[in-house]
Amino acid sequence: MRIVAARGRRRAPLSHIVGTALVLGWTLPAFLYLVVLSVKPEGLIAVRSALVFWPTFERYRELVITHLGLPIWNSLLTSTVGALLTLALASLAAVTFSFLDFRGKAALFLLMLLPRMFPPVTTLIPIQLGMKTLGLIDTRTGLILLFAAFQIPLAIWVMRTALAEVPRELVESAALDGASLPVIVTRIVLPLAGPGLLASFILAFIFNWNEFLFPLILTSFNAKTGSVAITSFSGGYKQLPWGPLAVLGVVMTMPVILFVLVFRAALVRGFTAGAVKG
Amino acid sequence: MRWATLGRGRLYFLLLTLPAVLYVFAWRIAPAFYTVWLSFTQYNIIYDPGPQWNHLENYRRLLQDGGLGEALRLSVVFAISATAIELLIGLGAAAFFDSDPPGRNLLLGIFLLPMIMAPVVVGTVWSALFDPTVGPVMYLFERVGVPEFQWLSKPLTAFMGLVVADAWEWTPLTTLLLFAAMQAIPREQYEAARADGASSFDIFRRVILPQVAGMLVVAGGLRLMDAFLELDKVFVMTGGGPGTSTQFVSYYVYKQAFQAYELGYASTVITGLLALLTVVFAFYLRRYSRMVDSAGA
């Protein structure tokens, strides 16, 4: 790290200032404009030069008390429960993959990663037909069952990397002391792999939260998620209700911003792993 | 580690793995195979009681499908232009982050926001920016005397709008990957180059660029694949229009399956795309495999 710092100091500070300005100028204005729209009074919304005004939070209040709140609640519920199920299934499998050698392990592991090689659209039609057969169209249960499956390969991958750092001797000595497997897993392995668990949960949650195509074809009203609700505004040639649309966009982004601020390191690692091994 | 160490039989451990394996198989692997099977059937969910085997009829139709050909062409152009921009800006941004500016980690976190946001929200952000009644883009254009027009309702500008939105959303990913590759370069190499009197540009071209070339290939490959299958932003921003000028392949599949209800033929298009992608990426990896190896990915 010291070498890096030394190299940084040698660069002209001007390039850092310009670079920082460019990075912020690239990312923030686009999103902040949506935030501005979301609090712009209805009368001013089409006055594009009005950037300074008294903000209204009326629309956020409406979101909570009207039917628009339902999709957000659906998103929150299905993403969270789905991610927890993913975590339960994936961590059990990851423990086996990480701690044991057995014949066919490599093959089984590859099989688990296989779904990441082909795009989700390949499973779209059968899943819709299957959900119809099971009577799970437009139910939160259906979405949760599906979300639980989607991120298992990624979660296993992230968990396995985290579990590789758990000292083997610790597990072995606990086993020799007569601790049973469930005790070893719940008391020793999983607590030590906590950061991995957290990273898997956050990644699974975010991917579920952002998912659009599957909720679009599987839900219509009761279980409609935030992503689907946003698109149901558009279409047709009538003027879009930009106020509520912007509010929905901002609310959909809130948990993501929270996660970025709190768990940046875990996210960066997870996204890089997810991308490179995807 | 041996089975015996943990004092349990093999069965016990397989039982731990089995739920995840079965689950992934049921929801991800089996449906993919079912799609391939459906691709050989006539199955319009409105008219047909069930999938009817129709030999290779769908594939014959696939080869003569002009709409699909146009969608493919658009997707390829979109994927290449978006990826090129993302790699170019990503390279610059990664070099900036690699120079260790003050507050780098916070800055990186902010920079990552667009790619972690829901894609439909990214679409909404850019729809708002390009919208002539509420957005600033047309306002600025009018200010310099360009007559008002609907940015997302003209074929060329709608297409460009999607490219811009995609670049905004995914440049963080290429930046992140290239930044990781740059961080792996031993710092002594910079010192040595500087001692030899190399300028910053020389260092970038002769030291950094060759060593991140592998990652450029990896990041480019990832983005090409994803951008080729882009759907969410098309859905929000243009709906494939005006006309079919932004109807990319995924949107074409969506329309076949869920607007025309041609599940059989839509499956054929998906299977065809999958085959095409596999072939293209086999070539891509073979052509660049040495560079990919050097990226350690």
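FYI, it's all coordinate maths here, none of it is from the lab. As the structure is a computational prediction, the values presented were derived from the model and not from experiment. Note that each Cβ is placed from the backbone with ideal geometry, even for glycine, and that neighbours are counted across all protein chains shown.
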Along the charge dipole of the stretch B:1-160, Cβ charges K/R +1 and D/E -1, which of B:MET115, B:PRO155, B:LEU15 sits furthest on the positive end?
-> B:LEU15
Could you list the square roots of 5 times each eigenvalue of the Cα gyration tensor of the stretch B:180-251, that is, the equivalent ellipsoid semi-axes, sorted largest first and rounded to whole Å?
-> 42, 12, 9
Note: B:31-43 gets an average of partner chain Cβ contacts (10 Å, Cβ to Cβ) equal to 4
In chain B, whole DSSP H helices that both stretch 15 Å or further along their axis by alpha carbon positions and average at least 0.0 on the Kyte-Doolittle scale are B:10-24, B:66-98, B:104-116, B:119-130, B:155-183, B:209-228, B:263-295
Simple label model, 7 Å out from Cα along Cβ direction - A:LEU70 to A:VAL47, nm | 3.6 nm
Net charge of Cβ neighbours under 13 Å - reference B:GLN42; Lys, Arg +1; Asp, Glu -1 = -1
Average beta-carbon neighbours from other chains, 10 Å sphere, peptide A:22-34 = 6
Which order, highest average first, do B:59-72, B:33-46, B:138-151 follow once you tally other Cβ atoms within 10 Å for each residue and take the mean per peptide?
-> B:33-46, B:59-72, B:138-151
Can you give the average number of partner chain beta-carbon atoms within 10 Å of each beta-carbon in peptide B:166-179, as a whole number?
-> 2
Using 11 Å as the cut-off for backbone N distance, which residues of the stretch B:14-39 belong to the label zone defined by a point 7 Å from the Cα of B:ASP48 along Cα→Cβ?
-> B:38-39
Here the Kirkwood hydrodynamic radius of chain A, Cα-based and in Å, equals 22.0 Å
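Just list whichever of A:LYS132/B:LYS255; A:LYS40/B:LYS255; A:LYS40/B:LYS233 have alpha carbons separated by over 29 Å in the model shown.
Listed pairs above 29 Å: A:LYS40/B:LYS255.
Find the percent of Cα-Cα distances in the stretch B:129-226 that exceed 20 Å, and round it to a whole number.
Working: 2770 of 4753 pairs.
In whole percent, the long-distance tail amounts to 58.
Evaluate the charge dipole of the protein assembly as shown about its Cα centre and quote only its size in Debye, nearest 20, assuming +1 on the Cβ of each Lys and Arg and -1 on the Cβ of each Asp and Glu.
Dipole of the protein assembly as shown, to the nearest 20 debye: 940 debye.
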Debye, to nearest 20: dipole size of chain A, +1 on Lys, Arg Cβ, -1 on Asp, Glu Cβ | 860 debye
Rounded Å value of the spacing that divides the Cα centres of the stretch B:149-180 and the stretch B:204-243 = 9 Å
A convex hull over the alpha carbons of the protein assembly as shown yields, per residue, a volume in Å³ of 183 Å³
Karplus 3J(HN,Hα) series, Hz, for the stretch A:155-167 with 6.51 cos²θ - 1.76 cosθ + 1.60 (x for Gly, Pro) | 5, 4, 4, 5, 5, 5, 4, 5, 5, 4, 8, 6, x
Evaluate the charge dipole of chain B about its Cα centre and quote only its size in Debye, nearest 20, assuming +1 on the Cβ of each Lys and Arg and -1 on the Cβ of each Asp and Glu.
-> 880 debye
Descending Cα extents along the principal axes, the stretch A:78-132, whole Å = 40, 25, 17
Share of alpha-carbon pairs per 10 Å distance bin for chain B, given as whole % | 6, 20, 24, 23, 17, 8, 2, 0
Per the charge dipole of the protein assembly as shown (beta-carbon charges, Lys/Arg positive, Asp/Glu negative, Cα centre), the residue among A:THR253, B:TYR190, B:TYR43 reaching farthest to the positive end is B:TYR190
Within 10 Å, count the other beta carbons around each residue, average over each peptide in A:251-258, B:190-197, and list them highest first.
-> A:251-258, B:190-197
Name the long-range amide H neighbours of B:THR41: under 5 Å, sequence gap of 5 or more, or other chain; modelled H, no Pro or chain starts.
-> B:ASN54
